[in-house]
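The structure under discussion appears below in the form of structure tokens.
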Amino acid sequence: MANFLDGYSIQSWLESCPQGYLEGTEYGHERGQTEPELVLTDPFMREQAISLTVQLVAGERCALAASAGLIGCAPDEPSKRFLATQTLDEARHVEIFSQRLYDLGVKKSELEDVVAQFANPNLVKFAETLLEKVHGGDFVAGVVGQNIVLEGMAFSVFEMLHASMINSNPKFAKILTGTIADERRHVGFGENRIGSLIEEYPEKKPEVQKMQKEMSHYMLATFADRFRDGAIAEQRRRMQERGEASDVAATWKGLDLGVASSEDLEKTLSNVVLGEFKTRLERLGLEYQTP
Ligand SMILES: [Fe+2]
Ligand SMILES: [Fe+2]
């Protein structure tokens with residue numbers, strides 16, 4: 001085990017992350033980068049940006065609580081040390097997305113109220129399902145729930161957001177680039193560490209699979225809520241009015257993000273994430289459960 005976790009040491013983390021791709025950044029973006037004027041001045045665009053960012057804060061708060069909690073129940077020292085680096089990564093994600101809320105004009109004293117107001121109830125249930133396992137000291141279920149399910153989801157959501165923001169909001173896109181690099185490392189740890197544990201404790205499979213099914217259900221419900229309110233079309237309309245439509249043009253998984261319907265966006269994102277769950281879980285010897 002020591003061997004396959006070598007790439008997950010604190011030394012590797014220092015070299016690749018704080019001294020690597022994060023060097024010179026400020027709250028995850030280049031110094032001096034700001035939010036686009038339209039997002040800051042148009043009340044609808046601003047509220048949409050706040051609402052989206054709150055989901056990221058809520059997801060990252062869950063990842064912070066989960067990675068910190070898993071240190072206590074990890075069965076070996078290399079895993080505890082990796083999870084310590086992950087805990088700092090997740091705390092950073094909470095901080096940079098909270099900072100984005102402040103950049104969008106949320107006052108520090110309003111933060112908790114804004115999070116409570118906008119956090120999607122299905123995303124809250126998704127987080128509770130995972131944290132119940134972590135608080136029960138279940139390392140195998142906790143790592144599958146966090147490093148495969150939560151982070152598999154986050155990874156694809158961030159990639160899609162990054163593709164849609166790369167031209168219209170370079171500051172937010174840059175924040176996402178560093179976060180995606182972190183999430184890639186976290187998913188890699190989950191895959192490397194959990195396979196042998198599943199082999200060791202095959203009796204855990206049904207319970208872990210049940211958790212995956214439940215988390216996937218709440219994830220799809222969150223996506224449905226987020227894509228079905230017509231907000232995407234309205235944001236495009238406002239950008240078009242300002243002559244910014246051409247800036248949106250970007251593709252992700254074959255979809256033109258500037259024109260794709262909300263239904264197509266939701267369907268593609270759901271299929272990509274569930275497809276990745278299936279591949280990863282089967283590689284680990286787990287059976288994917290359709291939500
Ligand atoms: Fe994260
Ligand atoms: Fe993560």
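The values are calculated or read from the model by the stated rules, or taken from the named source; none is laboratory data. These numbers come from a predicted model, not from an experiment. So basically every Cβ, Gly included, is an ideal-geometry build from the backbone, and we count neighbours across all protein chains shown.
Can you name the residue in the range 181-225 that is under 11 Å from L284 (Cβ atoms) and charged (D, E, K, R) and, of all such residues, is nearest to the chain's Cα centre (by Cα)?
E191
Of all residues in the range 172-210, which are at pLDDT 95 or above and of a type in the set (S, T, Y)?
T177, T179
If you check G258 against the conditions, is it without any contact (Cβ under 8 Å) to a residue 60 or more places away in the chain, surrounded by fewer than 18 Cβ atoms within 10 Å (Cβ to Cβ) and not in a helix (DSSP H, G or I)?
no
Note down all Cβ pairs under 6 Å where the first residue falls in the range 115-141 and is part of a helix (DSSP H, G or I), the second is among the acidic types (D, E), and they're at least six residues apart or on different chains.
Qualifying pairs under 6 Å: T129/E214.
Could you look through the range 53-92, keep only residues that are touching a helix residue (DSSP H, G or I) at 6+ places or on another chain (Cβ under 6 Å) and among the acidic types (D, E), and pick out the one that is farthest from M215 (Cα to Cα)?
So the residue we want is D89.
Within the range 131-153, track down each residue that is of a type outside the set (A, V, I, L, M, F, W, C) and crowded, with 23+ Cβ neighbours inside 10 Å.
If the condition is that a residue be of a type outside the set (A, V, I, L, M, F, W, C) and crowded, with 23+ Cβ neighbours inside 10 Å, then K133, G142, G145, Q146, N147, E151, G152 are the ones that fit.
Residue under question is Q86, and the condition is that it be under 25 Å from A173 (Cβ atoms), within 16 Å of ligand 2 (Cβ to nearest atom), in contact with a His (Cβ under 7 Å, 6 or more places away or on another chain) and at pLDDT 95 or above; does it hold?
Judged against the criteria, Q86 is a match.
Starting from residues that are within 16 Å of I10 (Cβ to Cβ) and outside any helix (DSSP H, G or I), keep the ones in the range 60-83 and report whichever is farthest from ligand 2 (Cβ to nearest atom).
The extreme case among them is D76.
Between A91, A141, A154, A127, which is under 30 Å from G285 (Cβ atoms) and either within 12 Å of ligand 2 (Cβ to nearest atom) or of a type in the set (D, E) (or both)?
After applying the criteria, what remains is A154.
Restricting the search to the range 46-59, which residues are away from ligand 2 (no atom under 16 Å from the Cβ) and surrounded by fewer than 21 Cβ atoms within 10 Å (Cβ to Cβ)?
Matches in the range 46-59: R46, E47, Q48, I50, S51, L52.
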